[in-house]
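Beneath this line is the structure, given in structure tokens, with notes to follow.
The values are calculated or read from the model by the stated rules, or taken from the named source; none is laboratory data. Note that the structure is predicted; figures quoted are calculated from it, not measured. Note that each Cβ is placed from the backbone with ideal geometry, even for glycine, and that neighbours are counted across all protein chains shown. With ligands, DNA and RNA removed, areas are computed over all heavy atoms of the protein, side chains included. Shrake-Rupley method; radii C 1.70, N 1.55, O 1.52, S 1.80 Å.
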Amino acid sequence: MATLSLLKPSFSSFFFFLSRRPILLPAPFFSRPHNPPSLTRSLCANSLRPSQPLTTAADTKNNSKSDDGDKKKINPPIPSVWLHNTMSKKKQLFKPKLDSRVGMYVCGVTAYDLSHIGHARVYVNFDLLFRYFKHLGFEVCYVRNFTDVDDKIIARAKELGEDPISLSRRYCEEFCQDMVTLNCLPPSVEPKVSEHMPQIIDMIDKILNNGYAYIVDGDVYFNVESFPEYGKLSGRDLEDNRAGERVAVDSRKKNPADFALWKSAKPGEPFWESPWGPGRPGWHIECSAMSAAYLGYSFDIHGGGIDLVFPHHENEIAQSCAACKKSDISLWMHNGFVTIDNEKMSKSLGNFFTIRQVVDLYHPLALRYFLMGAHYRSPINYSNIQLESASDRVFYMYETLHECESFLSQHDQTVRKDSIPPDTLSIIDNFHNVFLTSMSDDLHTPVVLAGMSEPLKSINDLLHTRQGKKQKSRIESLAALEKSIRNVLNVLGLMPASYSEILQQLKEKALKRADLTEDEVWQKIEERAAARIQKEYAKSDAIRKDLADVGITLMDSPNGTTWRPAIPLPLQEQHHIGAP
């Protein structure tokens, strides 16, 4: 049976708020193409269209007909959204600075290698927030940057004998493909450091002119002692601070915690001209400059992984406030780590799985489901049993919906809401309320996923039990239940293009983990059937167990034997999970 082993490092919209105008970017020293403003605005405009709000069975009672006979929908009020603010250390009511518009900046990847599932958690989480805001009717400008100028990129490029900007561009493209695989919507804009040098240089100049930085031999450092509020996000005292994992201690600094805004050019490294001589930006300044370029100095949400609280986001606050006293971010959001054996997963520690390694064996939507299975601020421990459980759960979910869809395709799907039984209406409305209440309570996705159990069970009862088959308005109930689940799956980013296709894909992943072909499984099923005919029950049981050991479960029915993926029997026994 195939399992994942740890990968060691192998170092071998565009939406401007009314107060802002598009910025035309001058060509940097290493000029790189970017979308022209007209095209970027067009792309972003499409991404900002609000998704259709969920409707409940109860909502249909509020529909009234106008004089011309058209139905007029009375939409329910937008629920209050509470989100945890790292700055205040508590949940707070989210109030956008501009009515019905949300500005959100999320720190992106440093593009020097394939992304791991720790990255996946960050961007699935903020994709979920992006989707939910759009679902509620907000216009969202979601900015997620690429760091394509950095020490790690330069080191990797030197090792490979490749141009650093070319290498980072390649890994930016790989990252984008990973995000498509995970069904993450594209942000409104994805700025790159290399294409925003004028904005970065301009911000550094402001910080210097305002007395918060100093120049040493062509390097520019931020003076942390000049900013009394330094440490307010992380809660660290200045004495406890260090330069940061990407910043070497430099005796020329006034304080060891001072960090680089601009680094003077070194032989063989990319550089841009600046008032302080040729060089390149430090790590932190890029996000301050690019967030200000697209969202202004005052916007709603700044997010990332919890490892960015210090030093990155702490330094961003200092820089932005030093450049503009009116700088104000309403809410700082951070997701918890993905851990392995309770240790943070990261490239630097060498204990990581790339997204591609995981989706080679598990369906991307199973990985997405797994990442939503814990609250985003909690650590989530990666293990085979967790991925197997998520894969098993999504198979059940899509199989139920596929059976429902197949049944409905054979019947008139016209849903007369007034004919849906009260108990079905209650299930649908309860699920809708759980969805809105939980998502509005700091994105409590585990409760939403658990809330799907009741409508899924109801569908199965209506399809397969005697009582369900006799229920009045059975077809209307099934159609309404399937629609209610489908609408939520759309918001969660868990809706596949086709139920039948994803079931086949899940089976193919299970066969790969089991190191079997489907023909080999059917051959085993035939051997087992022959053994049963010969009353060789020990042999029959052994075949069933052998398949169960590698995650293939057999299901007998009057119509014959079929198979489906399942959690491998040894894992079930090890973790005391009941057989499916």
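Once you sort the root eigenvalues of the Cα gyration tensor of the stretch 455-569 as a ≥ b ≥ c, which label holds: rounded (a/c under 1.5), prolate (a/b larger than b/c) or oblate (the other case)?
oblate
For the residue pair Glu454 and Asp99, what label-to-label distance in nm results when each label sits 7 Å from Cα along the Cα-to-beta-carbon direction?
3.6 nm
Report, in listed order, any pair from Lys89/Lys232; Lys152/Lys192; Lys457/Lys483; Lys97/Lys134; Lys152/Lys206 with a Cα-Cα distance greater than 18 Å.
The pairs that break the limit, which is 18 Å between Cα atoms, are Lys152/Lys206.
Quick one: with all protein chains in place, what share of the accessible area of the stretch 128-280 is carbon or sulfur, to the nearest percent (1.4 Å probe)?
The value for the stretch 128-280 is 48 percent carbon and sulfur by accessible area.
Hey, what's the stretch 122-198 come to in accessible area per residue, 1.4 Å probe, Å²?
In whole numbers, the stretch 122-198 has 28 Å² accessible per residue.
Quick check: pseudo-label points 7 Å beyond the Cα along Cα→Cβ at Asn384 and Ala497, how many nm apart are they?
Modelled inter-label distance: 3.1 nm.
Given 0.36 nm per residue, what is the gain on full extension from Thr561 to Ile78 after removing their alpha carbon distance, in nm?
Result: 169.0 nm gained on full extension.
In whole percent, how big is the carbon plus sulfur part of the accessible area of the stretch 74-126, probe 1.4 Å, protein atoms only?
Answer for the stretch 74-126 is 58 percent, counting heavy atoms of protein chains only.
With a sphere of radius 13 Å drawn around the Cβ of Val358, what net charge do the other residues whose Cβ falls strictly inside it have (Lys, Arg +1; Asp, Glu -1)?
Surrounding charge for Val358 is +3.
Just the number please: accessible area per residue for the stretch 238-389, 1.4 Å probe, all protein chains included, in Å².
34 Å²
Could you give the length gained on full extension between Lys232 and Thr339, defined as 0.36 nm per residue of separation minus the Cα-Cα distance, in nm?
Full extension from Lys232 to Thr339 adds 35.8 nm.
From a point 7 Å beyond the Cα of Lys325 in the direction of its Cβ, which residues of the stretch 180-223 have a backbone N at a distance under 19 Å?
Residues 203-213, 223 qualify, since their backbone N sits under 19 Å from the label point.
Using R₀ = 30 Å, calculate the FRET efficiency as 1/(1 + (r/R₀)^6) where r is the Cβ-Cβ separation of Arg356 and Lys158; round to 0.05.
0.75
Please work out the FRET efficiency for the pair Arg170 and Leu349, using the Cβ-Cβ distance as r and a Förster radius of 30 Å; give the result to the nearest 0.05.
0.80
In nm, what is the difference between 0.36 nm times the number of residues separating Asp461 and Trp522 and their Cα-Cα distance?
Answer, rounded to one decimal: 19.1 nm.
Between Arg532 and Lys90, how high is the FRET efficiency from 1/(1 + (r/R0)^6) when r is the Cβ-Cβ distance and R₀ = 35 Å? Nearest 0.05.
0.05
Given a 1.4 angstrom probe, what's the average accessible area per residue across the stretch 395-535, in square angstrom?
For the stretch 395-535, the solvent-accessible area averages 48 Å² per residue.
How large a share of the accessible area of the stretch 345-478, in percent, is made up of carbon and sulfur atoms when the probe is 1.4 Å and the other protein chains stay in place?
Summing carbon and sulfur atoms, their accessible area is 50 percent of the total for the stretch 345-478.
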